[in-house]
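The values are calculated or read from the model by the stated rules, or taken from the named source; none is laboratory data. It should be emphasised that the depicted structure is a prediction, and the values quoted were computed from it without experimental measurement. When we count neighbours, we look across all protein chains shown, and the Cβ atoms used for this are built from the backbone with ideal geometry, even at glycine. When the accessible area is computed, the model is the full protein with side chains, heavy atoms only, and any ligands, DNA or RNA have been set aside. Shrake-Rupley method; radii C 1.70, N 1.55, O 1.52, S 1.80 Å.
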Amino acid sequence: MTAIDAEVELPGDAPPQADNLDALESEAIHIFREVAGEFDRPVILFSGGKDSTVLVHLALKAFRPAPVPFPLLHVDTGHNFPEVLAFRDEIASKHDLRLVVASVQDYLDDGRLQERPDGTRNPLQTTPLLDAIGDNRFDAVFGGGRRDEERARAKERIFSLRNAFGQWDPRRQRPELWNLYNGRHRPGEHVRVFPLSNWTELDIWRYIQREKIELPDIYYAHRREVYQRDGMWLTSGPWGGPREGEVPALKTVRYRTVGDGSCTGAVESEAYTVDDVIAEVAASRLTERGATRADDRISEAAMEDRKREGYF
């Protein structure tokens, strides 16, 4: 803040970041209520990660004291971190929310999908996701995607129309002027809804701090045995690793994002508290996906290719 800014600031004025969080919260709650009034069978994608946890918190605020009028959906790759799965189940139970789980492992077991040579299951989520949407007749699917995460997501509208095959076509994106959202869709189509579109990673953490939102412990610094691959610190698990020549080391790390353990890397960190994480994120020049998600490095258009197929 400059000396001039300080001179014109009135006593009792809220800090600018508080005003920004209030505006973002208000927009997200408005979107939740619009969807509840316009669609018949909405659902919230919920993995137990920070963004989807903020989504659930906002939904609870949007409809309180009434219950949230739609369920949660998680596509479980079978390679998720156990701490995150336990947190997912705890949140669903705590708030009496119905949890629908689509399992990639079930599709591998019965031959509908085949394991990839690289062992990564993130790209395998699309088919179980689309089947779960179709089988449950969900017509609006809330996701925690943000425009600052990745270039393909920066193209996304808040209401994103998907065709009868769940595919995304950027040419069918609709204008969203004056916070007016167009949810019209043909039978068999559905709309993906992104209430956090205008949030940044730093906004998410400041909101977590303000609202005292609980997260899985792996978002904070802890000691873990990791090994380096493609410039990222991965940890061993049911997904395998380390490979020959990859030497495990005990490091103090945390996760900026959570997902399939075979392609989600940790970062070395001393951020043990929310305040520490905010300071760390504020100084970072890389988004969490750019820094820690190997599946986004498959090609320049990896995310956009998956979105066109039906992924988030």
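Of note:
- Tally, over region 219-232, of residues that are modelled with pLDDT of 95 or more and either under 17 Å from Asp275 (Cβ atoms) or hydrophobic (A, V, I, L, M, F, W, C) (or both): 4
- Pairs, first more than 20 Å from Asn80 (Cβ to Cβ) and touching a residue at least 24 places away in the same chain (Cβ under 8 Å) in region 112-138, second among the β-branched types (Val, Ile, Thr) and open to solvent by 10 Å² or more (accessible area, probe 1.4 Å), C-beta under 7 Å, six or more apart: Asn136/Val100
- Within region 32-50, the set of residues being in a helix (DSSP H, G or I) and crowded, with 23+ Cβ neighbours inside 10 Å comprises Phe32, Val35, Lys50.
- Candidate set from region 57-82 (those that are charged (D, E, K, R) and touching a residue at least 24 places away in the same chain (Cβ under 8 Å)); member that is farthest from Leu129 (Cα to Cα): Lys61
- Restricting region 238-276 to residues that are among the hydrophobic types (A, V, I, L, M, F, W, C) and in contact with a Gly (Cβ under 6 Å, 6 or more places away or on another chain), the residue that is surrounded by the most Cβ atoms within 10 Å (Cβ to Cβ): Val258
- Residue list for region 40-58, filter: farther than 17 Å from Val100 by Cα and in contact with a strand residue (DSSP E or B) (Cβ under 6 Å, 6 or more places away or on another chain): none
- Across region 83-115, the qualifying residues are those that are assigned to a helix (DSSP H, G or I) and within 21 Å of Gly134 (Cβ to Cβ), and the one among them that is least open to solvent (accessible area, probe 1.4 Å) is Val104.
Matching residues to (1) farther than 26 Å from Arg256 by Cα; (2) at pLDDT below 70; (3) touching a Phe, Trp or Tyr at 6+ places or on another chain (Cβ under 8 Å); (4) assigned to a loop (DSSP other than H, G, I, E, B):
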{"residue": "Ser160", "(1), (2), (3), (4)": "no, no, yes, no"}
{"residue": "Gly166", "(1), (2), (3), (4)": "yes, yes, no, yes"}
{"residue": "Pro187", "(1), (2), (3), (4)": "yes, no, no, yes"}
{"residue": "Asn198", "(1), (2), (3), (4)": "no, no, no, yes"}
{"residue": "Asp203", "(1), (2), (3), (4)": "no, no, no, no"}
{"residue": "Arg206", "(1), (2), (3), (4)": "no, no, no, no"}
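- Asn80 meets the conditions (1) surrounded by 20 or more Cβ atoms within 10 Å (Cβ to Cβ); (2) in a helix (DSSP H, G or I); (3) of a type in the set (S, T, N, Q) in every case but one. The failed one is (2).
- Pair list, Cβ < 8 Å and 6+ apart or interchain, from region 216-243 residues that are in contact (Cβ under 8 Å) with a residue 12 or more places away in the chain to residues that are open to solvent by 10 Å² or more (accessible area, probe 1.4 Å) and among the aromatic types (Phe, Trp, Tyr): Pro216/Phe87; Tyr220/Tyr272; Ala221/Tyr272; Val226/Trp233; Tyr227/Trp233
- Arg210 being part of a helix (DSSP H, G or I) and surrounded by fewer than 19 Cβ atoms within 10 Å (Cβ to Cβ): yes
- Within the set Asp118, Asp148, the sole residue that is closer than 25 Å to Arg33 by Cβ, assigned to a loop (DSSP other than H, G, I, E, B) and modelled with pLDDT under 90 turns out to be Asp148.
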